[in-house]
1. Cβ contacts < 7 Å: first residue within 14 Å of residue B:70 (Cβ to Cβ), restricted to segment B:12-36; second residue at pLDDT 95 or above and of a type in the set (Phe, Trp, Tyr), any location; separation 6+ or different chain. Result?
2. If you scan segment A:154-182, which residues turn out to be outside any loop (DSSP other than H, G, I, E, B), without any contact (Cβ under 8 Å) to a residue 24 or more places away in the chain and either closer than 21 Å to residue A:86 by Cβ or touching a strand residue (DSSP E or B) at 6+ places or on another chain (Cβ under 8 Å) (or both)?
3. Every residue in segment A:83-108 that is in a loop (DSSP other than H, G, I, E, B) and open to solvent by 50 Å² or more (accessible area, probe 1.4 Å), please.
4. Could you list all residues from segment B:36-82 that are small (Gly, Ala, Ser), in a helix (DSSP H, G or I) and within 10 Å of chain A (Cβ to nearest Cβ)?
5. Which one of these is in contact (Cβ under 8 Å) with a residue 12 or more places away in the chain and either within 14 Å of another protein chain (Cβ to nearest Cβ) or of a type in the set (Asp, Glu) (or both): A:23, A:76?
6. Across segment B:1-23, which residue is farthest from residue A:13 (Cα to Cα) among those that are part of a helix (DSSP H, G or I) and open to solvent by 90 Å² or more (accessible area, probe 1.4 Å)?
7. Go through (1) at pLDDT below 95; (2) open to solvent by 80 Å² or more (accessible area, probe 1.4 Å) for residue B:57 and report which single condition fails.
8. When segment A:34-82 is examined, which residues are found to be among the β-branched types (Val, Ile, Thr) and either open to solvent by 20 Å² or more (accessible area, probe 1.4 Å) or part of a helix (DSSP H, G or I) (or both)?
Amino acid sequence: MAQMPALIPKEVEIQRLKKVMIMIIVLGSVAASVEVDNFVDGSLHQTSIRDSAFTPAHWWLYSHFVALPLGWGAVMIYDRRIPSLRGPNNSVNTGLKITIIGYLGTMFTIGINEMWHFWFVEEIFAVPNHWSFNMGVVLAFMGALGYVVRVYARMIELGVESPPSNPYVAEMYKMALEGKLYSRSIP
Amino acid sequence: MSKDSPREEIERMIGKRVENMKGLYIVGAILSWVATAFGVWVGFTYYPWAYAMASGIFALIVLTVIIVFAFIFIWKTAMEKPVNP
């Protein structure tokens, strides 16, 4: 695999990468919880109109739209201490950027959604005000996947984790270490 | 210039090591389970017409599994020794 220059001592970088990985595990389990709530909220809306925004399924759903952006924001702040995770021109990592943009879109949609439901009390899944919830979350998940591959690839390079035996997967990690997360041309 | 030796400087850069945060992981997992159980209790207490107690218990079991998986992965990440030190 490509060797990245060590700008901080290896031991320090390993500890920091592990802290980022732990934050990602916490945020991943929060995201898994919101997937469960999609079914809970969906089943409520199969049987009930939207009498109020303040149902338990909505507390569960909306608290994630606060917790996940805050958590990824914390990752973005801590990420600055790991030079090998920086994005193009020393900016924020591209995967993290996409994740933050996705969750910003989702937060914006909370307001749009409430304005829509002021007039329409149905909760049909495919109404336009729900589109950007789904687009934002999918965008955020794609960015997070790119970022976690980048973190894991660096952990393999530093000898913390075993390298993959599948050559296609190894090639993917190699590209991630070269800063090419999404294609050979987009950094 | 820092007066620390290279070893001391590295320790200062690291701060608290992930291996030494066991209390945080255990207390965090317990608190997240308690918060989850409280949320489920609120659900079937105040909205019994929408959330029967059996549904609440089922949701709590699924969420407990998610918390346990997260705890195991965090513990593995923090405590595992490097494969290639």
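The values are calculated or read from the model by the stated rules, or taken from the named source; none is laboratory data. Here the structure is a predicted model, which is why all the values come from computation and not from measurement. Note: ideal-geometry Cβ built from the backbone for every residue, glycine included; neighbour counts use all protein chains shown. Only protein heavy atoms, including side chains, enter the accessible area calculation; ligands, DNA and RNA are left aside. Shrake-Rupley method; radii C 1.70, N 1.55, O 1.52, S 1.80 Å.
1. B:25/B:71; B:25/B:75; B:29/B:71
2. Within segment A:154-182, A:172, A:175 qualify.
3. Within segment A:83-108, the first condition is being in a loop (DSSP other than H, G, I, E, B), and the residues that meet it are A:86-87, A:91-93.
Passing the criteria: only A:86.
4. B:39, B:43, B:55, B:56, B:59, B:70, B:78
5. Being in contact (Cβ under 8 Å) with a residue 12 or more places away in the chain and either within 14 Å of another protein chain (Cβ to nearest Cβ) or of a type in the set (Asp, Glu) (or both) holds for just one of A:23, A:76, which is A:23.
6. B:22
7. With (1) at pLDDT below 95; (2) open to solvent by 80 Å² or more (accessible area, probe 1.4 Å) applied to residue B:57, the lone miss is (2).
8. Step one: list which residues in segment A:34-82 are among the β-branched types (Val, Ile, Thr), which gives A:34, A:36, A:40, A:47, A:49, A:55, A:66, A:75, A:77, A:82.
A:34, A:36, A:40, A:47, A:49, A:66, A:75, A:77 - these are the residues of segment A:34-82 that are among the β-branched types (Val, Ile, Thr) and either open to solvent by 20 Å² or more (accessible area, probe 1.4 Å) or part of a helix (DSSP H, G or I) (or both).
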